[in-house]
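For reference, the structure discussed in these notes is given below.
The values are calculated or read from the model by the stated rules, or taken from the named source; none is laboratory data. Everything numeric here is computed off the predicted structure, so don't read it as measured data. Reconstructed Cβ throughout: ideal geometry from the backbone, glycine too, with neighbour counts over all protein chains shown. Calculation scope for accessible area: heavy atoms of the full protein, side chains included, ligands and nucleic acids excluded. Shrake-Rupley method; radii C 1.70, N 1.55, O 1.52, S 1.80 Å.
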Amino acid sequence: MLGPIITAAGVAAALSAGYQSMAPTGQWYGRTFTGLSRGSKLLALTYDDGPNDPYTLRLLEVLAKHEVKATFFLMGKYVRLRPDIVRDIQQAGHVIGNHTFTHPNLIYRSGDQTREELLQCRQAINDAVGEHSNLFRPPFGGRRPVTLRVVRELGLVPVMWNVTGFDWQATSVEYIEEKVTSKVCGGNVILLHDGSHRAFGYDRSRSVIVTDRLIARYKAEGYKFVTVPQMMGTAVSSQPSAF
């Protein structure tokens with residue numbers, strides 16, 4: 001009887017470990033920033049997998065219209081392809097973070113492979129715009145203890161999210177909007193995409209439209225949109241041990 005119990009416990013532990021390696025708010029393998037306490041009137045829009053033509057540029061137009069600053073986690077190989085778009089992001093006052101060079105799932109990469117991905121992306125961004133933030137977001141949210149160890153050794157700060165629009169699988173603007181609005185409760189880091197690891201030029205028109213709608217909606221409800229560093233600053237000043 002003891003054998004099946006031990007086996008069941010082992011399976012449960014393995015499932016929990018697997019969940020924690022991908023769960024946006026999981027903290028088993030190391031602390032990551034996922035937002036503020038429920039009820040804050042701050043929201044942070046974040047975008048992964050750019051730069052991407054023309055959708056990053058369209059997104060910049062929407063953000064400028066609303067006078068909102070966002071945080072962009074860029075893929076190094078696309079930065080190499082279109083450094084001009086990266087310069088547009090920086091010149092508009094948005095924050096630029098590291099999203100690896102080729103977008104691998106890092107739970108399947110060694111420490112050395114992870115380090116190379118991060119260093120190549122950092123160099124690509126440096127070549128495009130020079131100094132930028134020390135923020136990092138793992139592709140797919142995947143990380144292991146070795147992943148976060150390498151991240152911190154390189155002086156990077158891991159950033160996840162606690163609300164997503166699931167825009168990588170969306171069939172409509174309304175789908176993305178509902179996914180976000182059903183979870184926003186204040187203090188949220190919202191994940192959307194201006195590009196895709198699948199291909200440069202990937203259609204993100206729905207994400208651009210949703211951004212316009214979300215900003216209008218939540219500004220009308222008294223929320224303020226901030227960058228991730230601004231939100232982190234609020235967390236540190238109000239709760240010194242929060243991150």
Of the residues in the stretch 144-169, those that are open to solvent by less than 10 Å² (accessible area, probe 1.4 Å) and farther than 23 Å from Gly195 by Cβ number 2
Quick check on the stretch 53-68. Is at least one of its residues open to solvent by 60 Å² or more (accessible area, probe 1.4 Å), among the acidic types (Asp, Glu) and modelled with pLDDT of 95 or more?
yes
Going residue by residue through the stretch 19-28, is there one that turns out to be open to solvent by 30 Å² or more (accessible area, probe 1.4 Å), part of a helix (DSSP H, G or I) and either at pLDDT below 95 or of a type in the set (Ser, Thr, Tyr) (or both)?
yes
Flag for Gly76 being in contact (Cβ under 8 Å) with a residue 40 or more places away in the chain and crowded, with 23+ Cβ neighbours inside 10 Å:
yes
Residue satisfying all of: in the stretch 110-124; closer than 14 Å to Arg144 by Cβ and in contact with a helix residue (DSSP H, G or I) (Cβ under 7 Å, 6 or more places away or on another chain); surrounded by the most Cβ atoms within 10 Å (Cβ to Cβ) among these
Thr114
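Can you work out which of the residues in the stretch 210-224 that are in contact (Cβ under 8 Å) with a residue 12 or more places away in the chain and charged (D, E, K, R) is most open to solvent (accessible area, probe 1.4 Å)? Lay out the reasoning, then the answer.
Step one: of the stretch 210-224, the residues in contact (Cβ under 8 Å) with a residue 12 or more places away in the chain are 210-219, 222-224.
Adding the requirement that they be charged (D, E, K, R) leaves 212-213, 217, 219, 224.
On the way: Asp212: 47, Arg213: 91, Arg217: 103, Lys219: 89, Lys224: 126 Å².
Once the filter is applied, the top-ranked residue is Lys224.
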Residues satisfying the stated conditions in the stretch 149-174, i.e. in contact with a strand residue (DSSP E or B) (Cβ under 6 Å, 6 or more places away or on another chain) and aliphatic (A, V, I, L, M)
Val151, Leu156, Val157, Val159, Val163
Of all residues in the stretch 170-209, which are open to solvent by 60 Å² or more (accessible area, probe 1.4 Å), among the acidic types (Asp, Glu) and in a loop (DSSP other than H, G, I, E, B)?
Asp203
Which of the residues spanning the stretch 51-110 are of a type in the set (Val, Ile, Thr) and on the phi > 0 side of the Ramachandran plot?
Thr100
Taking the criterion of being more than 30 Å from Ile107 (Cβ to Cβ), in contact (Cβ under 8 Å) with a residue 24 or more places away in the chain, in contact with a strand residue (DSSP E or B) (Cβ under 7 Å, 6 or more places away or on another chain) and part of a loop (DSSP other than H, G, I, E, B), would at least one residue in the stretch 37-51 satisfy it?
yes
When the residues of the stretch 79-109 are filtered to those that are part of a loop (DSSP other than H, G, I, E, B), polar (S, T, N, Q) and out of contact with any Lys or Arg (no Cβ under 8 Å at 6 or more places or on another chain), which remaining residue is most open to solvent (accessible area, probe 1.4 Å)?
Asn105
Counting only residues that are surrounded by fewer than 19 Cβ atoms within 10 Å (Cβ to Cβ) and either in contact with a strand residue (DSSP E or B) (Cβ under 8 Å, 6 or more places away or on another chain) or in a loop (DSSP other than H, G, I, E, B) (or both), the stretch 125-143 contains a total of 5
